[in-house]
Amino acid sequence: MFCVQCEQTIRTPAGNGCSFAQGMCGKTSETSDLQDVLIYTLQGVSWYALRAREFGIVNADIDAFVPRAFFATLTNVNFDSDRIVAFIREANAARDFLKNACSEKGADLSDATAAARFELAEDMAGLLLQAPATLPNRGLAEVGEDIVGLRLLCLYGLKGAAAYMEHARVLHQQSQEIYAEFHKHMSWLATDSAEVGALLECAMAIGQMNYKVMEMLDKGETEAFGHPEPTQVNVKPVKGKCIVVSGHDLIDLEEILKQTEGKGINVYTNGEMLPAHGYPELKKYKHLVGNYGSAWQNQQHEFAEFPGPIVMTSNCIIDPNVGNYADRIYTRNIVGWPGVNHIEGEDFSAVIEKALEMPGFEYDEIPHNILTGFARNALMSAAPAVVEGVKNGDIKHFFLIGGCDGDKAERSYYKEFAESVPQDSLILTLACGKFKFNKLEFGDINGIPRLLDVGQCNDAYSAIQLALALAETFECGVNDLPLSLILSWFEQKAIVILLTLLSLGIKNIHVGPTAPAFLTDNLLGVLVDKFDLKLTSTVEQDLNAILNAA
Ligand code: FS2
Ligand code: SF4
């Protein structure tokens, strides 16, 4: 086993990465090894998918499958070895299909990469024996840590982009151009390039590709559910039977809302699902009563106390056995935990039955409302007032404090930072890191709330649109705006968003709480030199540096 993809990876003086029987997240070495075999096999599929395109062969099912299965290997998504093996077999069948289709067209396949020629073992024991050749740090002794680190930056970034491609796909948003580009990067990374320049170029190209993916996802969400509107959301329980829906998949939430309508069941969002309350086509359901709990790392006690079933539509899932709720958590799509109910298709009756069997909340708690719904359209509507505020000096600075949450103590930095932001500044936030401070009171500036919840992690697209609009209005570059980005990362979606921001030329981003463990000091030096990237230090020091530079 070797996995170094997330922020909580094991770090030792002897080397970084989870490499023993189990990762910090609870992923076993078996599942981790199988995930590596899966990625390598998918890279072979991508090679054929690209070659097939030269002969006019495009298979929509395979195009959709590759990023979807890749998504299963993200942090806190799928811990079920049997499901990973099933993805491996499906990948192999896809590869054989494309290989035959190419052969029938007379394609020359003699230059197929090792990944494309990889022959899978018959059973799980055999697959596990093959895993060492597919480890993401393969070749370390020959090429060194800098090259491996760069390869991982690309691979993990591409993994984040794959997740967003799948989120877009369920909203009926796909693009042939993006699939072709995705297969190109996927396949090329399996060639184990040791060219620094080419790898850096690949990382930026992945960032650019992901910008298009996030645009597509924004289109899918707004076409399906309307533009988010500023919306008050109750974060306290309401008396009655209940279901909580977590993850990022708004289509699943809508389906659950439809199927529970009139059944006396209240539906709550959790974690990254919070921004759902702002969408007109979702907020219209009266039984979408509020948001329950906070970010993913608190699941084991929050879900344990929730008196109803839980639906995990995407990341992040953690061990449900710890809180004793494994019998009432339901996974969807790529999410998996061994022994937990998994729902395929659109029938949520098992979840509904479980909600009706369970007690639900016995009484109403005093409501506490928080505000969400400041995605692209709402931000643009507020833009004239914001511009006015900047011109008359009432608004001096914008801080985007966003990204992932996690349970490390040093993540209190983000709460402290939000609390320390001067009163004449606005705070934009997105993704699950906001739960560190989104229940605090920040007040307003001339009626504009000082804390603006832009949405999920993928709604970084909306924040970028606001920055571009402000830059146009003030006739300057984004880097010249009084805007500072204070990002917290945990998993690979955050990696690709960082690549997207860097590829757009956005500089001076503060990232924490620690540097990715796969980036060496040399690589960090390159990012600092090229992009003025900064690691978070103390709130006082960072805030002073930002405000003094302004
Ligand atoms: Fe939070 Fe976890 Fe959004 Fe990340 S719910 S860290 O995967 O995707 O952000
Ligand atoms: Fe370790 Fe993170 Fe990989 Fe889990 S996802 S095995 S914690 S690096």
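The values are calculated or read from the model by the stated rules, or taken from the named source; none is laboratory data. Values in this document were obtained by computation on a predicted structure and should not be read as measured data. Cβ: placed from backbone, ideal geometry, glycine included. Neighbour counts: every protein chain shown. Ligands, DNA and RNA are stripped out before the accessible areas are found, and what is left, the full protein with its side chains, is counted by its heavy atoms. Shrake-Rupley method; radii C 1.70, N 1.55, O 1.52, S 1.80 Å.
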- Query: Within region 304-331, restricting attention to residues that are surrounded by fewer than 24 Cβ atoms within 10 Å (Cβ to Cβ) and in contact (Cβ under 8 Å) with a residue 40 or more places away in the chain, which residue is nearest to L250 (Cα to Cα)?
  - Reply: I318
- If a residue has to be touching a helix residue (DSSP H, G or I) at 6+ places or on another chain (Cβ under 8 Å), outside any loop (DSSP other than H, G, I, E, B) and within 26 Å of G226 (Cα to Cα) to count, how many in region 333-375 make the cut? 1
- Message: Please count how many residues of region 465-480 are buried (at least 17 other Cβ atoms within 10 Å of the Cβ) and either in contact with a His (Cβ under 6 Å, 6 or more places away or on another chain) or at pLDDT 95 or above (or both).
- Response: 1
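Scan region 139-149 and give yes if some residue there is in a loop (DSSP other than H, G, I, E, B) and either at pLDDT below 95 or over 26 Å from V85 (Cα atoms) (or both), otherwise no.
Scanning region 139-149 turns up at least one residue that is in a loop (DSSP other than H, G, I, E, B) and either at pLDDT below 95 or over 26 Å from V85 (Cα atoms) (or both).
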- Query: Does K439 satisfy the criteria of being surrounded by fewer than 18 Cβ atoms within 10 Å (Cβ to Cβ) and of a type in the set (K, R)?
  - Reply: yes
- Item | Unique match (being β-branched (V, I, T), more than 20 Å from K493 (Cβ to Cβ) and open to solvent by 10 Å² or more (accessible area, probe 1.4 Å)) among V233, V238, V267, V244 | V238
- Wholly within region 19-106, helices (runs of 4 or more DSSP H) carrying at least 3 residues that are within 16 Å of ligand 2 (Cβ to nearest atom) and open to solvent by 20 Å² or more (accessible area, probe 1.4 Å): 29-53
- Of all residues in region 2-46, how many are over 22 Å from the mean Cα position of the chain (by Cα) and free of Cβ contacts under 8 Å to residues at least 40 places away in the same chain? 9
- Task: Just one of (1) within 16 Å of ligand 2 (Cβ to nearest atom); (2) open to solvent by 20 Å² or more (accessible area, probe 1.4 Å) trips up H301, so point out which.
- Result: (1)
- Within region 186-201, which residues are part of a helix (DSSP H, G or I) and either of a type in the set (G, A, S) or open to solvent by 10 Å² or more (accessible area, probe 1.4 Å) (or both)? S187, W188, L189, V196, G197, A198, L200, E201
- Message: Cβ contacts < 7 Å: first residue touching a residue at least 24 places away in the same chain (Cβ under 8 Å), restricted to region 377-398; second residue open to solvent by 10 Å² or more (accessible area, probe 1.4 Å) and of a type in the set (D, E), any location; separation 6+ or different chain. Result?
- Response: A378/E229; D394/D424; I395/D424; K396/D424
- Item | Residue that is open to solvent by less than 70 Å² (accessible area, probe 1.4 Å), more than 16 Å from ligand 2 (Cβ to nearest atom) and among the charged types (D, E, K, R), where the choices are D364, D444, D394, D347 | D394
- Message: Please go through region 505-528 and give me each residue that is within 22 Å of the chain's Cα centre (by Cα) and among the charged types (D, E, K, R), ordered by number.
- Response: K507
- Cβ-Cβ below 7 Å, separation at least six or inter-chain, first residue in region 239-263 and over 27 Å from N458 (Cα atoms), second open to solvent by 40 Å² or more (accessible area, probe 1.4 Å): which pairs? K239/E362; K239/Y363; K239/D364; G240/G264; K241/G264; K241/L356
- Enumerate the pairs (first residue in region 534-548 and over 17 Å from W489 (Cα atoms); second residue anywhere and of a type in the set (G, A, S)) with beta-carbon separation below 6 Å, excluding pairs fewer than 6 apart on the same chain, so at least 6 apart or on different chains. L543/S420; I546/S484
